[in-house]
Amino acid sequence: MDRNLVKTKKYKVGKNTFIVIKIFQRSVAKTEEGNALATNQANVKIFKHKMKRDVKD
């Protein structure tokens, strides 16, 4: 089984927050005859969580 290694770091510079994502991938292709092409793709989704505030009437 091939696994991917993902490392994330969060940096804060002033008011800005930066996220650095490092993805280390590995792909394997085997064949007895002919050519083999190994591809590996990573999908990264980043969601921003909004702060929920209670509104008092």
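Any read-out appearing in this document is the output of simple, stated calculations on the displayed coordinates, not a laboratory observation. All of these numbers come straight from a predicted model, not from anything done at the bench.
For Val28 and Ala42, the difference between the fully extended length at 0.36 nm per residue and the C-alpha to C-alpha distance is 3.5 nm. Computed extension length for Asn16-His49: 10.4 nm, one decimal, from 0.36 nm per residue of separation with the Cα-Cα distance subtracted.
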